[in-house]
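Everything below concerns the one structure shown next.
The values are calculated or read from the model by the stated rules, or taken from the named source; none is laboratory data. Since the structure is predicted, the reported quantities are computational estimates derived from the model, not experimental observations. Using ideal geometry, Cβ is built from the backbone for each residue, glycine included, and neighbour counts are taken over all protein chains shown.
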Amino acid sequence: MTRIGALEAGGTKMVLAVYDGDGQELERLTIPTEAPEITMPRMTGFFRDHAVDALGVGSFGPLDLDPASPTYGNITTTPKLKWRNYPLLKGLLDGRDIPAAIDTDVNAAVIAEVERGAAMGCESAVYVTIGTGVGGGVYVGGRTVHGLLHPEVGHMLLRPHPDDPNPRGVCPYHDGCLEGLAAGPAIGARIGGDARDLPDDHPTFRIEAHYLAQMCVNLILTVSPQRILLGGGVMQRAALLPMVRAETLRLLGGYVQSPAVLEHIDEYIVAPALFPVSGLVGSYLIGKRALEERG
Ligand code: ADP
Ligand code: ZN
């Protein structure tokens, strides 16, 4: 039986799994993300013990995703210092020559949603997670976009909301970027507390919806996706999604003349169907594709 290993590598936890060739999950292990010397041996041990024939990885980044690069599969400039310039994919393979591939966690998530989730049948889609940070996976024409590096949707620049008491946001790199303005900690900084504790009608969610709508508008106008998926902890606030849809329509001002947007926005900006395992399932699909391409 074919066994495909999958890893969703996150800044706080690592989720590892083994799937059979039909996509049935056989094993799963979740461990905290500690220093590489602690975490890597546990992961290589898991994949070795389960004798995987291929490996797919969806990881936090930034990552080197150029297959021709000698540092392919490395984590690059992450603020998690112990993982900076760490050869993640090479380390996971531990000398084994099996088909393996890596993509960003959010690119993995969008692959899963296109193949098995809320974007099935779409040729283009964007998956954005709004949690501790903001990240976006971009899928166009059957593949995730890598390009220069890979999309960094979370750091697109936005216009400040006139009522935002903290219009520069909290990103250490940028004045007024999406992550700095709309991730969970940005809401926390704005209200001086935890976003989870607020009622749905708290004014901060109008500001939040406005920023997420600016993001949707920018994505619609640049990528022209057939669907936008919004996941992550902040989107567990169910009241946000309809606010984002309405604000997106308002900001677009009728410019994009597509019925998918103008008449069916409820099926256009949606929650991911596989959340919270979109990234893990996508990692499996990346591993499966690597196996098929090799064999
Ligand atoms: P991570 O990005 O680390 O994987 P999550 O996706 O779970 O984590 O996102 C965590 C963030 O989501 C926290 O900042 C938290 O305040 C925020 N969050 C979780 N639930 C809600 C909610 N119901 N309303 C608003 N924010 C929430
Ligand atoms: Zn930023």
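Tell me which residues, restricted to the range 103-129, are farther than 27 Å from Phe46 by Cα and in contact (Cβ under 8 Å) with a residue 12 or more places away in the chain. Answer for the range 103-129, where residues must be farther than 27 Å from Phe46 by Cα and in contact (Cβ under 8 Å) with a residue 12 or more places away in the chain: Val114, Gly117, Ala118, Ala119, Cys122, Glu123, Ser124, Ala125, Val126, Tyr127, Val128, Thr129. Scoring Ala125 on the criteria (1) of a type in the set (Gly, Ala, Ser); (2) surrounded by 16 or more Cβ atoms within 10 Å (Cβ to Cβ); (3) more than 17 Å from the chain's Cα centre (by Cα) leaves a single failure, condition (3).
Picking from Ala213, Ala209, Ala195, Ala183, which residue would you name as being within 16 Å of ligand 2 (Cβ to nearest atom), of a type in the set (A, V, I, L, M) and either out of contact with any helix residue (DSSP H, G or I) (no Cβ under 6 Å at 6 or more places or on another chain) or free of Cβ contacts under 8 Å to residues at least 60 places away in the same chain (or both)? None of the others qualify; the one that does is Ala183.
On the basis of being closer than 26 Å to Thr12 by Cβ and more than 16 Å from ligand 1 (Cβ to nearest atom), does Pro172 make the cut? Criteria met by Pro172. Across the range 172-224, the qualifying residues are those that are of a type in the set (S, T, N, Q) and part of a helix (DSSP H, G or I), and the one among them that is farthest from Leu249 (Cα to Cα) is Thr204.
Could you go through the range 47-60 and let me know if any residue there is at pLDDT below 95 and either surrounded by 13 or more Cβ atoms within 10 Å (Cβ to Cβ) or in a helix (DSSP H, G or I) (or both). The answer is no, given that none of the residues of the range 47-60 is at pLDDT below 95 and either surrounded by 13 or more Cβ atoms within 10 Å (Cβ to Cβ) or in a helix (DSSP H, G or I) (or both). Would you confirm whether or not the range 86-102 contains a residue that is farther than 16 Å from Val15 by Cβ, out of contact with any Pro (no Cβ under 9 Å at 6 or more places or on another chain), without any contact (Cβ under 8 Å) to a residue 12 or more places away in the chain and not in a loop (DSSP other than H, G, I, E, B)? No: the range 86-102 contains no residue that is farther than 16 Å from Val15 by Cβ, out of contact with any Pro (no Cβ under 9 Å at 6 or more places or on another chain), without any contact (Cβ under 8 Å) to a residue 12 or more places away in the chain and not in a loop (DSSP other than H, G, I, E, B).
When residues in the range 141-164 are screened for being in contact with a Cys (Cβ under 8 Å, 6 or more places away or on another chain), among the aliphatic types (A, V, I, L, M) and crowded, with 17+ Cβ neighbours inside 10 Å, 2 of them pass.
Within the range 206-222, being within 18 Å of His161 (Cα to Cα) and crowded, with 21+ Cβ neighbours inside 10 Å holds for Ile207, Glu208, Ala209, His210, Tyr211, Leu212, Ala213, Gln214, Met215, Cys216. Screening Pro167, Pro172 for residues that are surrounded by fewer than 19 Cβ atoms within 10 Å (Cβ to Cβ), within 9 Å of ligand 2 (Cβ to nearest atom) and over 18 Å from the mean Cα position of the chain (by Cα) leaves exactly one candidate, Pro172. Within the range 175-206, the set of residues being near ligand 1 (Cβ under 9 Å from one of its atoms) and under 18 Å from Pro79 (Cα atoms) comprises Ala183, Gly184, Pro185, Ala186.
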